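Read the structure below first, then the notes.
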Amino acid sequence: MKTVNHWIGGKTVEGTSGNYGPVTDPATGAVTTQVALASLEEVDAAVAAAKDAYATWGTSSLAARTAVLFRYRALLDARRDDIAALITAEHGKVHSDALGEVARGLEIVELACGITTQLKGELSTQVSSRVDVSSIRQSLGVVAGITPFNFPAMVPMWMFPLAIACGNTFVLKPSEKDPSAANLLAELAAEAGLPDGVLNVLHGDKVAVDGLLNHPDVAAVSFVGSTPIARYIHTTASANGKRVQALGGAKNHMLVLPDADLDAAADAAVSAAYGSAGERCMAISAVVAVGAVGDELVARIKERAEKIKIGPGNDPTSEMGPLITAAHRDKVASYVTGAAAQGADVVLDGTGYTVGGFEDGHWIGLSLLDHVSTDSDAYKDEIFGPVLCVLRVETYEEGVALMNASPFGNGTAIFTRDGGAARRFQLEIEAGMVGVNVPIPVPVGYHSFGGWKDSLFGDHHIYGNDGVHFYTRGKVVTTRWPDPADAPTGVDLGFPRNH
């Protein structure tokens, strides 16, 4: 059986803990690979490699860093199919979706290639007599990233390219459910000329996570995952004096006004709810229908959802693949089977779905729940699967109040032809990312990604300007040089004069 080992100090390092985790092909249910799970000693080794590399990488020139990143971008582009194939094999998403993931990760590599403009400081001259003040940004040291299973290439690329471009060194702890893509990303970085130890990949479970959170040589931690774990990451790492950005879960809403283009809204709802089998923190999982629009909207969503082809991710005709594990599939199904008892109309029931020839895969069909109440489990919890809830309200104001009452505030969308309503919505809604007739408003790389409320713990969003600021810290330098023509004036113990 294939074994995925660590990548430490620029080379593959076999696991020494004796503990391994299974990696499953979600389409077949078969265990295809095992992944080494790190001990605390292996955490120490990865951090030590990063710390040693920082001694030279942290003082390297911007030109040297960007030269590596430009070569890295070219290699990622050339190997994007290979990266996508690993994602499909271990995560299960269809190949086209995996390619899209790689493309969005590449956006951040491209942003990192232009880090020279992002790290420019500021200078104020002559703030007092012969006094200048400048501000600069400097790297932190060793930083760590802990990433989820649903985007095994994209989310790591949201972190480490910017971190290393800013002069830090990086320890990546990817999900143990689909670890292979992370190793390939590291190998390609080495091929691009990244010095040994600048990027390390440490596989593991809670032992590895806690080791990084508690390690004295780790200066900052980035995390993407569920809200309970994000809260734990933030609390633990902050208590150890680390800078933290911890992105949590979501329950993203889409408000549909009576004047909306219903065909466009139905297309968007199906794409945003069921794409990547709903395993996206930016998935639309709740549609809020205003007024009489609900019945027609539900009918159009149902018509489209019934045509989605589910199958193995490596089948070019498949539009949606399986879920990551059988246990997760069963948990998602439980929300559907319990929905009717909590007052919902089960318009589509995807539980019990199988694919011929792949009966042991982690399959589930598309589910559509109508007239869902806000106190039902299907609404309150982040299901993270292909289940779409529809809620009914009478007015725009009622819809916004319902959405703002959610403890989550990741992404949201409104569908309308009314510019005034859309403008009001983007100001009144309590969420970090807003789409106007755009169902999944994930920002492009040069803007930052992040939510509000229980969807984010920490002060910084990820990538964009916030990402650069997270991976650097500011310093202000005040300088006075005497004019050569001035005679010595002696010591002045008074308070410095600004004018």
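The values are calculated or read from the model by the stated rules, or taken from the named source; none is laboratory data. Quantities reported herein were computed from a predicted structural model and do not represent experimental measurements. All Cβ positions, glycine included, derive from the backbone under ideal geometry; neighbour counts span all protein chains shown. Surface accessibility is based on the protein's heavy atoms, side chains included, excluding ligands, DNA and RNA. Shrake-Rupley method; radii C 1.70, N 1.55, O 1.52, S 1.80 Å.
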Name the residue farthest towards the positive end of the dipole of segment 62-164 from the options 161, 127, 66, assuming +1 on Cβ of Lys and Arg, -1 on Cβ of Asp and Glu, about the Cα centre.
127
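For segment 295-398, which trypsin sites (Lys or Arg not before Pro) pass both filters: DSSP loop (anything but H, G, I, E, B) and at most 13 other C-beta atoms within 10 Å? Could you put the intermediate results ahead of the total?
Numbers: sites: 300, 302, 304, 307, 309, 329, 331, 380, 392; in loops: 307, 309.
In loop regions of segment 295-398 (DSSP not H, G, I, E or B), the sparsely surrounded trypsin sites (Lys or Arg not before Pro) are 307, 309.
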Evaluated at q = 0.26 Å⁻¹: base-10 log I(q)/I(0), Debye formula over Cα of segment 119-195:
-1.20
Starting from the Cα of residue 307, draw a straight line to each of the lysines and keep only those under 19 Å, dropping any in the same chain fewer than 8 residues away.
93
Residue-normalised 222 nm signal for the chain, counting each DSSP H run of n ≥ 4 as -39,500 (n - 2.57), nearest 500 deg cm²/dmol, is -11500 deg cm²/dmol
Under 5 Å, built H, 5+ apart or other chain: amide partners of residue 35:
4, 21, 23
Across the alpha-carbon set of segment 57-211, Rg over Rh with Rh taken as the Kirkwood radius works out to 1.07
For segment 412-419, Karplus-derived ³J(HN,Hα) couplings (6.51, -1.76, 1.60; θ = phi - 60°; whole Hz; x for glycine and proline) come out as 7, 8, 10, 10, 6, 9, 9, x
Kindly state, to the nearest 0.05, the FRET efficiency for residue 16 paired with residue 190, given R0 = 22 Å and r defined as their beta-carbon distance.
0.55
Label-to-label distance, nm, for residues given as residue 123 and residue 136 (7 Å Cα→Cβ offset)
1.2
Can you work out ³J(HN,Hα) from phi for every residue in segment 173-187, in order, using Karplus 6.51 cos²θ - 1.76 cosθ + 1.60 and θ = phi - 60°, giving whole Hz and x for Gly and Pro?
10, x, 5, 6, 7, 8, x, 5, 4, 4, 5, 5, 4, 5, 4
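Where does segment 334-475 land on Rg(C-alpha)/(2.2 N^0.38 Å)?
Against the empirical 2.2 N^0.38 Å value, I get 1.28 for segment 334-475.
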Give me the Kirkwood hydrodynamic radius of segment 192-295 in Å, from all C-alpha pairs, to one decimal place?
17.0
Is segment 263-320 rounded, prolate or oblate when judged by the Cα gyration tensor, a ≥ b ≥ c being the square roots of its eigenvalues, rounded requiring a/c under 1.5 and prolate requiring a/b larger than b/c?
oblate
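Starting from the eigenvalues of the Cα gyration tensor, five times each then square-rooted, give me the equivalent ellipsoid semi-axes of segment 34-120, largest first, whole Å.
Details: eigenvalues 148, 111, 18 Å².
Each semi-axis is √(5λ); the values are 27, 24, 9 Å.
Rounded, prolate or oblate: which fits segment 96-147 when a ≥ b ≥ c are the square roots of the eigenvalues of the alpha-carbon gyration tensor, with rounded for a/c under 1.5 and prolate only if a/b beats b/c? Don't skip to the end; give the middle numbers.
Numbers: a/c = 6.25, a/b = 2.68, b/c = 2.33.
Because a/c hits 1.5 or more and a/b exceeds b/c, segment 96-147 counts as prolate.
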Just to confirm, what accessible area per residue do you get for segment 369-478 at 1.4 Å probe, in whole Å²?
42
Solvent accessible area, Å² - residue 389, 1.4 Å probe, full protein context
0
Rounded to the nearest 10 Å², the 1.4 Å probe accessible area of residue 154 is 20
Suppose we keep just the alpha-carbon trace of the chain; what are its Rg and Dmax in angstrom?
25.0, 92
Long-range amide H contacts for residue 288: which residues qualify at under 5 Å (H placed 1.01 Å from N, peptide plane, sequence gap of 5 or more or a different chain)?
254, 255, 256, 391
With everything on Cα atoms, drop me the angle between helix 80-91 and the longest principal axis of the chain, reported from 0 to 90° to the nearest 10.
60
Please list the radius of gyration and Dmax for segment 1-51, considering alpha-carbon atoms only, with Å as the unit.
12.8, 41
How about residue 475: which lysines have a C-alpha closer than 29 Å to its C-alpha, ignoring those fewer than 8 places off in the same chain?
51, 120, 242
Rounded to a whole %, the carbon-and-sulfur portion of the accessible area of the chain at a 1.4 Å probe is 53
If only Cα atoms are counted, what is the Rg of segment 235-357, and what is its Dmax, in Å?
17.6, 53
